[in-house]
Amino acid sequence: MDLEQLRKTAAEVVVREDVKYLIGWKQGSYGYRVAPVFVEDASGAAELLFSPLCTANLATYLTLVEKTPLPRGQEADKRKVALLVKGCDSRAVTQLIVEHGINRDQVIVVGCPCPGVVDTEKLAEKYPEQGKPAEVEWNGENFVLLCDDKETELPRDQFLAEKCRLCRHPNPVISDITVGEPVEPWTLADDNGVEEIEGKNLEERQAYWEEQFSKCIRCYSCRNVCPLCYCQDCILDRLNPTWVNRAVNFSENTAFNIARAFHLAGRCIECGECERVCPANIPLGKLNRKMAREVRDKYGFEPGVDPEAEPFQASFKPDDPEDFIL
Amino acid sequence: MSENYEPNIVAFLCNWCSYAGADLAGTSRVHYPANIQVIRVMCSGRVNPLYVMNALQQGADGVLISGCHPGDCHYMEGNFYARRRMGMLKDLMEFVGVDPKRFHMSWVSASEGHKWKEVVEKTVEEAREAGPFEGFRRRQIDW
Amino acid sequence: MTDKPKVGVYVCHCGINISATVDVETVADYALKLPNVEVARTYSYMCSDPGQVLIKNDIKEHGLNRIIVASCSPRMHEPTFRKAIQEAGLNPYYLEMANIREQCSWVHEDMEEATAKSKKLVASAVAKVRLLEALESKEVDAEPAALIIGAGIAGIQAALDIADAGFKVFLVEKTPSVGGRMAQLDKTFPTLDCSACILTPKMVDCASHPNIELLSYSEVEEIGGYIGNFDVKVRKKARYVDFDKCTGCGDCAAECRVKDRFPSEFDQGMGKRSAIYLPFPQAVPAKYTIDPESCLYLTRGKCGKGPKCQEVCKAEAINFEQEDEIVEFKVGAVIVATGFDPFDASRKPEYGYNDYPNVITGMEMERLVSASGPTGGKVKVFNGEEEIEPKEVAFIKCVGSRDASVGNEYCSRVCCMYVAKQAHLIRDKIPDANIRVYYIDVRAFGKGFEEFYDRVRRENVRYIRGNPSEIFKRGNKLVVKVEDTLTATPLEDEVDLVVLGVGLEPRADMREIMDLLRLSQSPDRFFLEAHPKLRPVDTATEGVFLAGCCQGPKDIPDTVAQAKGAASSAMIPLARGKVMISAQVAEVDEATCRGCGFCVNICPYTAIELVKINRFGHEVEVARVNEALCKGCGSCSAGCLSDSIQPKSFRDRQILPQIAALGVLK
């Protein structure tokens, strides 16, 4: 992508009077880190970045503002928010519109067609992070690591993030301004990690998830990073009623993760952020992808692609599957 | 599995069809296993799918949800929502290794006392086959 | 919660209905050990006056503020106990029932198991009752009008009663005339009153009554709202005859180009009518109707040089441009009186109803013996070769009743007597006829029935116990093949006429009404009443009542009695002018609602809307419930990801402890 064009476009957007700020990515402090940035004026736009390291789904920030109480007497800033989105991020924006999480006219979507992001863990494994920031570019076929004035080609097959291998929407599904040329959707990977688990028998699955969920430290990173976990007050935090005890153990961890996966059924747009941020490396993406696939296959519904859609969990079809009913 | 294992089933019944059907089984003196305990709700659509998870966590070996037949819901559509929610939940639970035999849903109308008996028998029998639930059961249950 | 919960648990013996299977003392002892339980007692009949006094005294003496009655189904006595604790000064919603009868003592045999289960059910009730909240019922105005669907004798009687009491009645009838099945009958058993003579005055009354708006040839399209405030939409089908201009002279029918070409519905197809017709001479309203399916002009767009009816009608009432009209109005109560369908005899092919013209049904017999019928009351049949006066007549009872092979296990209750009556009428008209009745049982249970049955037998009508297996033709006779089961003699009985005593079935179109009003069916497929004994005219939908054969087969006196019952029940909200709306409605926690609108989408009553509020300085959308529209189903709640909308008395925080209580005990 032409970064100059991105920065120029962003600068034009943020100077508009009806725009509060633009949320984008900037170079992080070290290694492969990329940080979110809230650009409020034209000069700030110079920091903006879009590269295969920009994994974070910035749509999460759209719903955060309302959660913080305003000081007494202070008026809410009702100006629009501009947001840089990849394909998957744009689905989060769309789903938020469906759920009244945001108003369509309150957000300016700056779409960035995305050839896929790198799996930074794999990258760091092979090319350990250094103190100073590094960059990754897309050369049309493969990723390229720019570090110490050296260019190292990173084969796409090897370094593409797992969620991107299964990405159906590399181009933003909605956008007010598009920066860069649309990318050609690619053939999806055969293995989405779900069949592997479906191939196990019940005991094996139970054992697998017991191992996984036992690792959970209930840091709630998965929830906090999720663009669609934006409840004012998450039921899994509540004490009255207590759906899930605070204790960190297999039972409560499982309940927490089942509840979260269920709440995301028909809503998850598969940005993979939960899995990326999980410090315990729980394959949360498998849970969400499993549900997303069932919703697609059995109910013919894909969330976050149509802003006019009826929310999956708040609708039904008279001929929904009922083969499981006695 | 212990020899004298008796599955503990929690059932959520809609007031208008299934609860009335279970009452009819009573007035007709139809006998069925005592393993099932009913929680009455106004509509199967009231049943939060997480109740199922919660019941398993809190001591149930099997869960049953029963409502009006599609099209007969006293509240018109509640059972359709219940069906979609429970269909999804069942997929999720199976995926994380919960035996589908622990989870059932049925349509029992106010006149189907005998069907209620059959549903209970099937639910109990399957939960028995699945054995005591040990998955993510809470160690200590308070209420 | 302000007060510390003090729970009283009352375990009912219900005579021995519960105590024979459940050790009630053990259950009470156990309950006493549960948290917050102050008092636990057993009593023989909790619902009796002394039982209720027991609770009331304890509330006063022990300061109880939550009550559990472990007895029968809450569907049975919840209102009773709510009222009782209210009388003792408690909020009526501080009550929870443990159903240890219908769902425990009556369905389990092992005392140990049933007692253990009862304990769990009581524990679960304790878990919930502690967390229940006080609710206040609200009252809204009730529209002082009633809708009655169906204008047979049930609908007519209910309409007259309600109208006489001074309330407006909308009487909707699908066919062009009121009267229903009773209008088709000749005489009525056992008194042999002429059906038309006793019915037609009532038909006329209901058309002329100032409080009754008769909507004939009309169908209910939509019913929304709730008790006291139903919104009704009725389609008045086009008659193609100006209702106000038509004088009922009949010139049109006489001149119709397809005069007397179509089977008359009223005469069971035995008589004929024109495309423009009056269903029967005494029809009310006496207005002609053009059948759009048989009228030449309406089907082909052409009728000679111009429709004859239009030409001869001096009142200029014919209007082919007429369209269906939608009428909308509001009522406080609804009575369903849609009646029955006679059993379709062709579903018993062994009786040859479709094959032999001299095998007829009871309904056809009614028209045949009627002085106003197609034969002017002469009993004449075509035996395939010639028209004869039948000398050998056989009746077969229980055709389509008590017959699992056609899916009708029930007794139709009227066939025994109408067959006896018809046998009598034939004896009257053909004194030398040989009449026999093939029966399985004779059920002459009503007032004057047994006497009438005796009389008919004395009139030389032979009753032969046997269920015929087949009817076939031999020469110009019909042969009834049957075994006389009292003498174990196989018979081949040669007769001229077979009358099938067909039973009563639920109407084929009852589904439409079920969908309109959310009614259920009982196992016999007739409409289900709220309680088979104590609420026989009520339905599960408040403000909707049943009258007549739509609820189950019955004779005319029973139908009229039920219609009067339904009318008086329906008049309760009308007379009060107010109805209580349920206090158990959904409530939104605006502090946590995220305004996603899932509940708005889910609510089938459009009772929820999103409104803008200021939350900590931010303008946000939250859900708000219209309590008059909310029915408390709770579907919204199960779809709410943040638990922000909760049905009162069925909140998550009330149900989760119930689940826990059931799980704790093994």
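Does any residue of the range C:620-636 turn out to be facing chain A (nearest Cβ under 9 Å) and within 17 Å of A:Asp233 (Cα to Cα)?
Checked against the condition, which is being facing chain A (nearest Cβ under 9 Å) and within 17 Å of A:Asp233 (Cα to Cα), the range C:620-636 yields at least one hit.
Are there any pairs with C-beta distances below 8 angstrom linking a residue in the range A:160-176 that is among the β-branched types (Val, Ile, Thr) to a residue that is in a loop (DSSP other than H, G, I, E, B), with the two at least 6 apart or on different chains, and if so which?
Pairs found: A:Val173/A:Gly304; A:Val173/A:Val305; A:Ile174/A:Pro307.
If you go through the range C:126-140 one residue at a time, do you hit one that is part of a loop (DSSP other than H, G, I, E, B), under 18 Å from C:Cys72 (Cβ atoms), of a type outside the set (Gly, Ala, Ser) and facing chain B (nearest Cβ under 10 Å)?
Narrowing the range C:126-140 to residues part of a loop (DSSP other than H, G, I, E, B): C:130-137.
Of the ones still in play, those that are also under 18 Å from C:Cys72 (Cβ atoms) are none.
No; the residues of the range C:126-140 include none that is part of a loop (DSSP other than H, G, I, E, B), under 18 Å from C:Cys72 (Cβ atoms), of a type outside the set (Gly, Ala, Ser) and facing chain B (nearest Cβ under 10 Å).
So A:Ala189 ticks every box in (1) more than 14 Å from every other protein chain (Cβ to nearest Cβ); (2) farther than 30 Å from A:Thr94 by Cα; (3) of a type in the set (Gly, Ala, Ser) but one. Which box is left unticked?
It is condition (2) that A:Ala189 fails.
Exactly one of (1) touching a Gly at 6+ places or on another chain (Cβ under 7 Å); (2) not β-branched (Val, Ile, Thr); (3) not in a loop (DSSP other than H, G, I, E, B) is unmet by A:Asp105. Its number?
Evaluating A:Asp105 over (1) touching a Gly at 6+ places or on another chain (Cβ under 7 Å); (2) not β-branched (Val, Ile, Thr); (3) not in a loop (DSSP other than H, G, I, E, B) leaves (1) as the failure.
For A:Ser221, indicate whether it is hydroxyl-bearing (Ser, Thr, Tyr) and more than 11 Å from chain B (Cβ to nearest Cβ).
On the way: hydroxyl-bearing (Ser, Thr, Tyr): yes; more than 11 Å from chain B (Cβ to nearest Cβ): yes.
Yes, satisfied.
Does B:Lys90 meet the test of being at the interface with another protein chain (Cβ under 7 Å from one of its Cβ atoms) and in contact with a strand residue (DSSP E or B) (Cβ under 8 Å, 6 or more places away or on another chain)?
Here the answer is yes, as B:Lys90 does meet what is asked.
Do you know which of the residues in the range A:279-300 that are surrounded by fewer than 20 Cβ atoms within 10 Å (Cβ to Cβ) and in a loop (DSSP other than H, G, I, E, B) is farthest from the other protein chains (Cβ to nearest Cβ)?
A:Pro279
Of the conditions (1) crowded, with 23+ Cβ neighbours inside 10 Å; (2) within 14 Å of chain B (Cβ to nearest Cβ); (3) free of Cβ contacts under 8 Å to residues at least 60 places away in the same chain; (4) within 30 Å of C:Lys330 (Cβ to Cβ), C:Gly639 clears all except one; give me its number.
Single failed check for C:Gly639: (4).
Pull out all pairs, ordered by first then second residue, where Cβ-Cβ is under 9 Å, the residues are six or more apart or on different chains, the first lies in the range B:96-112 and is surrounded by fewer than 24 Cβ atoms within 10 Å (Cβ to Cβ), and the second is of a type in the set (Phe, Trp, Tyr).
Note: pairs meeting the criteria are B:Gly97/A:Tyr208; B:Gly97/A:Trp209; B:Asp99/B:Phe133; B:Pro100/A:Phe324.
Quick test of your reading of the structure: A:Asp233 fulfils all but one of (1) modelled with pLDDT under 95; (2) surrounded by fewer than 17 Cβ atoms within 10 Å (Cβ to Cβ); (3) over 23 Å from the mean Cα position of the chain (by Cα). Name the failing condition by number.
So A:Asp233 meets the others, but not (3).
I need every pair where a residue in the range A:231-247 that is within 10 Å of chain C (Cβ to nearest Cβ) has its Cβ under 7 Å from the Cβ of a residue that is of a type in the set (Asp, Glu) and part of a helix (DSSP H, G or I), sequence separation at least 6 or different chains.
Pairs that qualify, where the first residue is within 10 Å of chain C (Cβ to nearest Cβ) and the partner is of a type in the set (Asp, Glu) and part of a helix (DSSP H, G or I), are A:Pro241/C:Asp652.
Here's the yes/no breakdown for (1) over 24 Å from A:Cys274 (Cα atoms); (2) out of contact with any helix residue (DSSP H, G or I) (no Cβ under 8 Å at 6 or more places or on another chain):
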residue	(1), (2)
A:Glu125	no, yes
A:Glu129	no, yes
A:Lys132	yes, yes
A:Glu135	no, yes
A:Trp138	yes, yes
A:Glu141	yes, no
A:Thr152	yes, yes
A:Gln158	no, no
A:Arg165	no, yes
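I need a count of the residues in the range C:459-491 that are farther than 17 Å from C:Lys397 by Cα, of a type in the set (Val, Ile, Thr) and assigned to a loop (DSSP other than H, G, I, E, B).
Final tally of qualifying residues: 1.
Among (1) away from every other protein chain (no Cβ under 12 Å); (2) modelled with pLDDT of 95 or more; (3) buried (at least 20 other Cβ atoms within 10 Å of the Cβ), there is one condition C:Ser568 misses while meeting the rest; what is its number?
The failed condition is (3).
Which residues, taken from the range B:18-60, are in contact with a Gly (Cβ under 6 Å, 6 or more places away or on another chain) and either acidic (Asp, Glu) or within 7 Å of chain C (Cβ to nearest Cβ) (or both)?
B:Ala25, B:Val30, B:Met42, B:Cys43, B:Gly45, B:Arg46, B:Gln58, B:Gly59, B:Ala60
Would you mind stating whether C:Lys56 is within 26 Å of B:Gly21 (Cα to Cα), charged (D, E, K, R) and either in a strand (DSSP E or B) or touching a residue at least 24 places away in the same chain (Cβ under 8 Å) (or both)?
On the way: within 26 Å of B:Gly21 (Cα to Cα): no; charged (D, E, K, R): yes; either in a strand (DSSP E or B) or touching a residue at least 24 places away in the same chain (Cβ under 8 Å) (or both): yes.
Spelling it out, it is not the case that C:Lys56 is within 26 Å of B:Gly21 (Cα to Cα), charged (D, E, K, R) and either in a strand (DSSP E or B) or touching a residue at least 24 places away in the same chain (Cβ under 8 Å) (or both).
Sort through A:Glu181, A:Glu195 and tell me the only one that's modelled with pLDDT under 95 and in a helix (DSSP H, G or I).
Working: A:Glu181 fails: in a helix (DSSP H, G or I).
Going through A:Glu181, A:Glu195 in turn, the sole match is A:Glu195.
Residue by residue through the range C:248-263, note down the ones that are under 16 Å from C:Lys302 (Cα atoms) and either touching a Leu at 6+ places or on another chain (Cβ under 8 Å) or not assigned by TED's automatic domain parsing to the domain that holds C:Ala275 (or both).
The answer is C:Arg257, C:Val258.
Step by step: first the residues of the range C:208-234, then only those that are of a type in the set (S, T, N, Q) and either part of a strand (DSSP E or B) or closer than 15 Å to C:Val331 by Cα (or both), then the one that is modelled with the lowest pLDDT. Which residue is that?
Of everything passing the filter in the range C:208-234, C:Asn229 is modelled with the lowest pLDDT.
Kindly establish whether A:Gly73 is within 14 Å of chain C (Cβ to nearest Cβ), out of contact with any strand residue (DSSP E or B) (no Cβ under 9 Å at 6 or more places or on another chain), part of a loop (DSSP other than H, G, I, E, B) and touching a residue at least 40 places away in the same chain (Cβ under 8 Å).
On the way: within 14 Å of chain C (Cβ to nearest Cβ): yes; out of contact with any strand residue (DSSP E or B) (no Cβ under 9 Å at 6 or more places or on another chain): yes; part of a loop (DSSP other than H, G, I, E, B): yes; touching a residue at least 40 places away in the same chain (Cβ under 8 Å): no.
Criteria not met by A:Gly73.
Residues C:Leu519, C:Leu574: which one is within 12 Å of another protein chain (Cβ to nearest Cβ) and buried (at least 17 other Cβ atoms within 10 Å of the Cβ)?
Details: C:Leu574 fails: within 12 Å of another protein chain (Cβ to nearest Cβ).
Going through C:Leu519, C:Leu574 in turn, just one is within 12 Å of another protein chain (Cβ to nearest Cβ) and buried (at least 17 other Cβ atoms within 10 Å of the Cβ): C:Leu519.
Within the range C:421-458, track down each residue that is over 31 Å from the mean Cα position of the chain (by Cα), part of a loop (DSSP other than H, G, I, E, B) and within 23 Å of C:Met363 (Cβ to Cβ).
C:Ile430, C:Ala433
Between a residue in the range C:584-611 that is more than 8 Å from chain A (Cβ to nearest Cβ) and within 20 Å of B:Val41 (Cα to Cα) and any residue that is crowded, with 19+ Cβ neighbours inside 10 Å and of a type in the set (Asp, Glu), which pairs come within a Cβ distance under 9 Å, given they are 6 or more apart or on different chains?
Cβ pairs passing all conditions: C:Pro604/B:Glu77.
Here is a list of conditions, (1) within 30 Å of C:Ile388 (Cα to Cα); (2) not assigned by TED's automatic domain parsing to the domain that holds C:Ile360, and C:Ser522 meets all of them except one; can you say which number that is?
Only one criterion is unmet by C:Ser522, namely (1).
If we scan the range A:266-274, do we find a residue that is at the interface with chain B (Cβ under 8 Å from one of its Cβ atoms) and touching a residue at least 24 places away in the same chain (Cβ under 8 Å)?
Step one: of the range A:266-274, the residues at the interface with chain B (Cβ under 8 Å from one of its Cβ atoms) are A:266.
Add one more test, that the residue is touching a residue at least 24 places away in the same chain (Cβ under 8 Å), and what stays is A:266.
So far as the range A:266-274 goes, yes, one or more of its residues are at the interface with chain B (Cβ under 8 Å from one of its Cβ atoms) and touching a residue at least 24 places away in the same chain (Cβ under 8 Å).
With the checklist (1) in a loop (DSSP other than H, G, I, E, B); (2) more than 18 Å from C:Tyr93 (Cα to Cα) in hand, flag the one item C:Glu38 doesn't pass.
So C:Glu38 meets the others, but not (1).
The values are calculated or read from the model by the stated rules, or taken from the named source; none is laboratory data. This one's a predicted model, so the numbers in the text were calculated from it and none came from an experiment. We place every Cβ from the backbone using ideal geometry, glycine too, and count neighbours over all the protein chains shown.
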